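For reference, the structure discussed in these notes is given below.
The values are calculated or read from the model by the stated rules, or taken from the named source; none is laboratory data. Small disclaimer: the values here were computed from a predicted structure and weren't measured. Neighbour counts run over all protein chains shown; Cβ positions are idealised from the backbone, glycine included. Remember, those area values only see protein heavy atoms, side chains included, never the ligands or the DNA or RNA. Shrake-Rupley method; radii C 1.70, N 1.55, O 1.52, S 1.80 Å.
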Amino acid sequence: MPPHLDAAQQALYDNIVDTRVKIVGEAALFDERGALRGPWNPEVCSPALGQHLERLATAIRTENSLEPRLYEVAILAVGVHWRAQFEWYAHERIARKAGVAEGAFALMRADRPPEELVGVLEPDEVSVYKLARELMATKRVSAATYAEAKAALGGDDRKMADLCMTMG
């Protein structure tokens with residue numbers, strides 16, 4: 001625990017530790033000095049804003065209409081695009097627990113085209129991966145890719161919205 005946190009910082013720090021250690025484990029949450037890894041340090045430094053980011057992240061994780069394996073595929077695709085090492089490090093484990101096929105990780109980490117993941121990922125996972133890669137590469141999604149993903153998600157507008165918010 002950092003030695004000099006004010007009351008608001010300490011409350012946010014404690015909330016992050018209490019909720020995230022169960023998900024990512026202590027090795028992923030803390031570095032070798034015991035400081036928080038990843039995006040949480042800036043949140044704790046600015047708890048007035050950080051508490052809102054943490055609530056949003058919790059809602060995306062706990063109130064998402066997508067199955068966890070689907071939002072994990074999206075998170076991994078976004079993480080690869082931005083070369084976000086911590087994102088990959090934390091979410092690869094979570095994706096495994098959520099049921100993403102073992103053979104998919106090396107292919108996704110190498111940013112392979114969606115066609116190479118057909119037969120490795122489930123069809124709905126391939127559609128999510130394709131949409132995420134296209135969005136990251138072009139900052140747009142074609143009508144065809146959107147329609148394919150929406151169909152793969154059962155034609156559900158909420159699932160499409162939740163997918164987009166997850167990638168954001």
| message | When you check ALA144 against the structure, is it more than 30 Å from VAL21 (Cα to Cα), assigned to a helix (DSSP H, G or I) and open to solvent by 50 Å² or more (accessible area, probe 1.4 Å), yes or no? | response | yes
| query | In the stretch 116-132, what residues are surrounded by fewer than 21 Cβ atoms within 10 Å (Cβ to Cβ) and either within 15 Å of the chain's Cα centre (by Cα) or under 16 Å from ALA98 (Cα atoms) (or both)? | reply | VAL120, GLU122, PRO123, ASP124
| message | Whether any residue in the stretch 27-37 is of a type in the set (A, V, I, L, M), open to solvent by 20 Å² or more (accessible area, probe 1.4 Å) and over 26 Å from ALA161 (Cβ atoms) is what I want to check. | response | yes
| said: Of all residues being without any contact (Cβ under 8 Å) to a residue 40 or more places away in the chain and not in a helix (DSSP H, G or I) in the stretch 47-69, which is farthest from ASN15 (Cα to Cα)? Just the residue, please. | reply: GLU67
| said: So, ALA11, is that one modelled with pLDDT under 90, among the hydrophobic types (A, V, I, L, M, F, W, C), part of a helix (DSSP H, G or I) and more than 20 Å from THR166 (Cβ to Cβ) or not? | reply: no
| request: Mind telling me which of the residues VAL44, VAL17, VAL21 ends up being over 20 Å from THR166 (Cα atoms), touching a helix residue (DSSP H, G or I) at 6+ places or on another chain (Cβ under 8 Å) and without any contact (Cβ under 8 Å) to a residue 12 or more places away in the chain? | output: VAL21
| Residue satisfying all of: in the stretch 91-115; at pLDDT below 95 and open to solvent by 70 Å² or more (accessible area, probe 1.4 Å); farthest from GLY79 (Cα to Cα) among these | LYS97
